[in-house]
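Here's the structure we're looking at; comments come further down.
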Amino acid sequence: MNIHPLKFQRHAVPFRAVVPLITKEAADNFGRKIAYLRISVVDACNLRCDYCRPSADDFHASPRARLLSFDEIERIVRIAASLGVEKIRLTGGEPLVRKGIVELVARIAKVPGIRDLAMSTNATLLGLHAQALREAGLQRVNISLDTLDAQKFSRLTGGNLHDVLRGIHAAQDAGLTPIRLNAVLLRGINIIEAAALIDFSIREQLELRFIELMPMREGMDWDKHYFPVAELLAQPEIIERVDMSAWERLGSSAARYLPLRHAQGRVGFIEPMSNRFCEGCDRLRLMSDGKLRPCLPADNEVDLRSAMRSGSSDTEIETLIRNAVASKGEIGQYRFEMEGRQRSMISIGG
Ligand code: SAM
């Protein structure tokens, strides 16, 4: 028998590819599908990084009753997953200071549709929790580390560098990999260490990403400490380490990457100030008080906690999430006015 090649192909296509999917996926007004939900589980932190939070006198972590409960977080994750969210990142404050965090990880890991579960942490408590987190279903961690100088670390964060290094090793042993290291570029503070941070990432087999400092309401003097990625890339010790000719962007990642010259791997650069990547943004941010923030540098938020506590149905919560998605601006931009800066990074979660 003589089968026409096109006819043959049509029958060879798997069944699910020819039947249109009925999907509830949430997309914004610019066609960006929302696939990624960052959840700040607490606004308290055991460090006090100068660029992240107001002074100790001005900052008071929320009382427990104002935090979303685990039931409420799980419910939002379940509804978000039904709208196409597949990736969850737990952040804070410091997520590991939230009591019961391992249980929360286990609950989120079981939500149908969630295929990527990660955490951003300062790693100081990872030595205690890494193994249990892995067993509960956490897949990987991003670790913040801006300096390898123990005294500088302690001045900048109030913490102990040793705890972080121990946490990194615990994450490696537990298999919370690939591990990313996030370093905020701070003029006059850690630029001199940029090459050493790259070398450390190579030795420890971590993926290092440099982040431009964002101007928050309080915290460090942005004018004084902001250091653009372009300036970093002009430094001879960086040019010597990364191949400038091979920029790469991976999916919807906020980072662009350059390969290392003398080792396997790459270095990432996140440029919220000098080279935003809003066109690839697929994320929403849920804060510990239940406000959903569609864009990092914009203050329009939707209050899911009040809705849940006043008895809203799942369909009503879904509508609120869709409203937040619809309010996502095409471009998120720090304007150096108060607008967009009503919250500190410690409560947004990065
Ligand atoms: N405590 C966790 C941690 O250390 O990763 C999670 C929360 S922290 C707010 C998340 C990330 O935001 C960290 O990598 C931190 O360095 C970054 N961050 C905080 N303030 C920032 C700012 N003003 N500009 C750029 N990044 C900032």
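The values are calculated or read from the model by the stated rules, or taken from the named source; none is laboratory data. No experiment lies behind these values; they were computed from the predicted model shown. We place every Cβ from the backbone using ideal geometry, glycine too, and count neighbours over all the protein chains shown. What goes into the accessible areas is simple: the full protein's heavy atoms, side chains included, and nothing from ligands, DNA or RNA. Shrake-Rupley method; radii C 1.70, N 1.55, O 1.52, S 1.80 Å.
Which value in Å is the Kirkwood Rh of the chain over different Cα pairs?
21.4
If I model the stretch 185-321 as equal point scatterers sitting on the Cα atoms and use the Debye formula, what is log10 I(q)/I(0) at q = 0.12, 0.14, 0.19 Å⁻¹?
Values returned for q = 0.12, 0.14, 0.19 Å⁻¹ are -0.63, -0.77, -1.11.
Taking H as built 1.01 Å from N, whose amide H comes closer than 5 Å to the amide H of VAL267, not counting residues under 5 places away?
It is LEU258, LEU260, by chain and number.
Mean residue ellipticity at 222 nm from the helices of the chain, using -39,500 (n - 2.57) per DSSP H segment of n ≥ 4 over the full residue count, to the nearest 500 deg cm²/dmol? Please report the intermediate quantities before stating the final value.
Details: 14 runs with 113 residues, N = 350.
Dividing the helical sum by the residues of the chain leaves -8500 deg cm²/dmol.
Amide H of ILE211 versus every other amide H placed in the peptide plane: which residues, excluding those fewer than 5 positions away on the same chain, fall under 5 Å?
Hits under the 5 Å cutoff: ALA183, VAL184, LEU185, ILE270.
Average the reciprocal distances over every distinct pair of alpha-carbons in the stretch 139-257, invert the result, and give the Kirkwood radius in Å.
15.4
Using the Karplus equation 6.51 cos²θ - 1.76 cosθ + 1.60 (θ = phi - 60°), what ³J(HN,Hα) coupling, rounded to whole Hz, does each residue of the stretch 254-261 give in order, writing x for Gly and Pro?
Each residue of the stretch 254-261 in turn: 6, 9, 10, 10, 10, x, 6, 7 Hz.
Could you tell me what percent of the DSSP beta bridges with both partners in the chain are antiparallel, to the nearest 5?
30
Which lysines, on any chain, are close to LYS87 with Cα under 17 Å apart, when same-chain ones fewer than 8 places away are left out?
LYS24, LYS33, LYS110
Cα convex hull of the stretch 210-290: how many Å³ per residue?
137
Could you give each residue of the stretch 262-267 its phi-based ³J(HN,Hα) in whole Hz, using Karplus coefficients 6.51, -1.76, 1.60 with θ = phi - 60°, and x for Gly or Pro?
Rounded to whole hertz, the list is 10, 7, 5, x, 8, 10.
Taking a cut-off of 18 Å between Cα atoms, list the aspartates and glutamates near LYS152, but don't count ones fewer than 8 places away on the same chain.
ASP50, ASP163, GLU193, ASP221
Under a cut-off of 17 Å between alpha-carbon atoms, report the lysines in cross-link reach of LYS291, not counting same-chain residues fewer than 8 places apart.
By straight Cα distance, LYS291 reaches LYS328.
Which whole-Hz ³J(HN,Hα) couplings does the stretch 239-250 yield from phi under the Karplus relation 6.51 cos²θ - 1.76 cosθ + 1.60, θ = phi - 60°, glycine and proline marked x?
3J(HN,Hα) across the stretch 239-250, in whole Hz: 4, 5, 9, 10, 8, 5, 8, 10, 4, 9, 10, 10.
Once you have all Cα-Cα distances for the stretch 281-350, histogram them in 10 Å bins from zero and send the whole-percent values.
Histogram of Cα-Cα distances, whole percents per bin: 20, 51, 25, 4.
Going by a 4.7 Å Cβ-Cβ cut-off, which cysteines of the chain have no partner at all?
If one checks each Cβ against the other cysteines of the chain, CYS45, CYS278, CYS281, CYS295 turn up with nothing under 4.7 Å.
Let me cross-check LYS224: its accessible surface, 1.4 Å probe, with only protein heavy atoms counted, in Å² to the nearest 10?
Accessible area, nearest 10 Å²: 130 Å².
Rounded to the nearest percent, how much of the accessible area of the stretch 36-348 (1.4 Å probe, protein heavy atoms only) is carbon and sulfur?
After summing per-atom areas, the C and S share lands at 50 percent.
Given the options HIS262, HIS169, HIS225, state which has the largest fluctuation in a GNM of the chain using a 10 Å cut-off (strictly under) for Cα springs.
HIS262
Tell me, what is the per residue accessible area of the stretch 36-348 in Å², probe radius 1.4 Å?
42
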